[in-house]
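Asker: Following this message is one structure expressed as structure tokens.
The values are calculated or read from the model by the stated rules, or taken from the named source; none is laboratory data. Not measured: the values here are computed from a predicted model. Methodologically, a virtual Cβ is constructed for each residue, glycine included, from the backbone with ideal geometry; neighbour enumeration extends over all protein chains shown.
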Amino acid sequence: MSRDGRGSSEDGRGLQANVRARLKRGGEAEARIERGLGAPALFAIAAGSVGSSVFFALGIVAGEANALTPLAFLFSGVFFVLTVLTYVEGSSLHPERGGASTFARYAFNELWSFITGWAILLDFLIVMALGSLAVSGYLEVFWGEIGGQGLELGIAGAVLLWVAWSNIRGQTADRYHFVLRLIMLSALLFVVLVVAGLRTHHDVGGLIDSIDLGDATQWDDFGFGVIIASAALAGIESASGLAGELRVGKRALKRVVFVAAGGMLVLFVGMSFVAILTVPVENGATALSGEYLRAPVIGVADQLEPAWLSDVMRYVVAAVAALVLIQAVNGQMLGIGRLAYSLGTNRQLPSIVSRLHRDWGTPYVAIALFTVAAFALTIPNDIHLLAGIFAFGGTIAFTMAHLSVVVLRFREPDRPRAFRVPLSIRVRGGSIPIPSALGAFFGSISFVIVAVFHEGARLVGGGWMLGGIAMYVAYRVSQGKPVTKRVTLPEAVLRRSRDIEYGSILVPVFGGELDDDIVGTAGRLATERAEEGESGAMLEAVWVFQMPMSLPIDARVPEERVMEAKKALARAKSVGEEYAGVEVATAMVRGRSIGAAIVAEAKRRGVEAIVLAAEAPTRIRGGAALGGLAMGSDRFSGELTRYVIEKAPCKVILTAPPDETIERSEDHPTAGREPVSP
């Protein structure tokens, strides 16, 4: 179909995702990384989530890698550096909510974007479960009875409830100054532990002697330990979700990258090295993965000398760890909220899951659902199972992030980037960033290892991914939306409290007396959902030129018909925009059948409703014009109306004045009915 009366083609401009941007700016939006939050907030979220992983992941990794734990954290630290570089380029290229899911959207398609986002949600859930369980492990220093199963789960539930409530109420950027100070305190604590640990324990020879290089099983476990340590970098994803609101210049951005990457690498390796020195491997195992599994840093503090220093550090570590872990769980919930919103606005999750609170504007349904899911994961109290699932989701997400940035170097080679991954190889039509390529290779190999050798991760993680994909495909198909193409949903739809969804409304106009009534009906529906100071649903007024079969579809349309269409569309725009917060986009399309053209436009634009002028109600086939008196089926109100009702991918709202010659009754098809097309 042509988009105007002269046969010109502007494919894609009618898509709802581009209409609002064209109305406001008249062109393509520029890539930016300057919005509202500065480098401290970015660093606080990234470092907070990543640094906190030491408090719960150290014991898990030590249980797999034993004496090779420092080497495992070194490798994971290198992977962390590669991943930071990738995420910063991806976020500066497309500064939107969603992190790796957004990268995959532009590099591949909506299905891969959903797969990536769904894997990230799994990782967020696992970090929340592990973090909330670890809180009780550290608080046990203050009250030994906490170690009981009931109290442990109770504390985990209390942490999750507090985090959920905090995120539903909403958080301001000022709060991250506290988080940043807390992260600096934890970094200082790690430095003190490393220095004190090295002064007390420096038997590096004993550490080396505990490594059995000929044990193949130990190397297998070591590899899995590296993967778990690398998956603990989910904090990068939380920080990348803020890309759309950052106010960070190139220099500040580079400083954040190098400080975060370098600082975390040193802390990872330093803490793991001191941990294995102070709590060494004995008889093939270390107490870090046994007695101290839920609070491994307490194990380091217990081994310090003199005794008074050990006692003081136990309480300091317990207090700081509990606060940091709670903030880490909070950061993951923040990531869940932002990612759920992104998936919802892109029609990858049912809009009810991403619905925003009327007063606080937060995705309260998603927060509540994932809080329940996180608590359910804590009930088995199986740290090793959670770690395996954690690695399963993390390897998918990070692999897709690296692959996406590589692909975008070819798909969008000239798009502005506030940051570029260094060390690139020029290839025809683009370039390959070596760090991202290495990250993709390591991530894909890691995923295969986890999927093949960890049964629990394979079953639970695989079930999560397959279930999510099935839900996504079923949802898209049920809504008549393509599985791989992007379909956006305005925020106004997520903010409403009613069940009926009208994210955008298609309004066919015909130049008749009913046009004002039809546009007015659509305008009232839209303005009901408009928030103060924000736009409501989009009205998309279209005029259909019905082209006879005797002419080509792109034949020239007579000038008088074009002028008639322009006049009707201008009137529709004027009437529609009289309603508060309503915007009206107009277009002319061609088709062999008016009904088929309307349905095709509704599908292509991804609208939520069609407001249509129905023919006057009739009693029998042929209607009152033929003198009919008996009540007939409402299917025969007109061929155009019937076709649109039966074929439309969305709700159809019929509006028409009643036929004054027919007595109205409850069974009569009247204006305002809302049949749902099959």
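Asker: Conditions first: (1) touching a strand residue (DSSP E or B) at 6+ places or on another chain (Cβ under 8 Å); (2) in a helix (DSSP H, G or I). I553 passes all but one, so which condition is the exception?
Answerer: With (1) touching a strand residue (DSSP E or B) at 6+ places or on another chain (Cβ under 8 Å); (2) in a helix (DSSP H, G or I) applied to I553, the lone miss is (2).
Asker: While we're here: Could you tell me which of the residues E601, E615, E578 is at pLDDT 55 or above and outside any loop (DSSP other than H, G, I, E, B)? Please lay out each step first, then the result.
Answerer: On the way: E615 fails: outside any loop (DSSP other than H, G, I, E, B); E578 fails: outside any loop (DSSP other than H, G, I, E, B).
After ruling out the rest, the residue left standing is E601.
Asker: Another question, then. Restricting attention to segment 559-617, and to residues there that are touching a residue at least 40 places away in the same chain (Cβ under 8 Å) and of a type in the set (S, T, N, Q), which single residue is surrounded by the fewest Cβ atoms within 10 Å (Cβ to Cβ)?
Answerer: S593
Asker: Do we find a residue being part of a helix (DSSP H, G or I), small (G, A, S) and without any contact (Cβ under 8 Å) to a residue 12 or more places away in the chain anywhere in segment 392-399?
Answerer: no
Asker: Only one of G533, G467, G511 is at pLDDT 80 or above and not assigned by TED's automatic domain parsing to the domain that holds L85. Can you tell me which?
Answerer: Going through G533, G467, G511 in turn, the sole match is G511.
Asker: So which residues in segment 351-378 are among the basic types (K, R) and surrounded by 20 or more Cβ atoms within 10 Å (Cβ to Cβ), if there are any at all?
Answerer: Answer for segment 351-378, where residues must be among the basic types (K, R) and surrounded by 20 or more Cβ atoms within 10 Å (Cβ to Cβ): just R355.
Asker: Which of the following residues is of a type in the set (F, W, Y) and in contact with a His (Cβ under 9 Å, 6 or more places away or on another chain): F442, F370? Before the answer, list the steps.
Answerer: Working: F370 fails: in contact with a His (Cβ under 9 Å, 6 or more places away or on another chain).
Unique residue meeting the criteria: F442.
Asker: Follow-up. For segment 91-101, name all the residues that are buried (at least 23 other Cβ atoms within 10 Å of the Cβ) and either at pLDDT 85 or above or acidic (D, E) (or both).
Answerer: Across segment 91-101, the qualifying residue is only S101.
Asker: Could you pull out the residue among N330, N381 that is surrounded by 22 or more Cβ atoms within 10 Å (Cβ to Cβ) and in contact (Cβ under 8 Å) with a residue 12 or more places away in the chain?
Answerer: After applying the criteria, what remains is N330.
Asker: Considering G429, G456, which residue is at pLDDT below 85 and at positive phi?
Answerer: Within the list G429, G456, the selection yields G429.
Residue by residue, here is whether (1) touching a Leu at 6+ places or on another chain (Cβ under 6 Å); (2) in a loop (DSSP other than H, G, I, E, B); (3) surrounded by fewer than 22 Cβ atoms within 10 Å (Cβ to Cβ); (4) of a type in the set (S, T, Y) holds:
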site: R409; (1), (2), (3), (4): no, no, no, no
site: R426; (1), (2), (3), (4): no, no, yes, no
site: A451; (1), (2), (3), (4): no, no, yes, no
site: G456; (1), (2), (3), (4): yes, no, yes, no
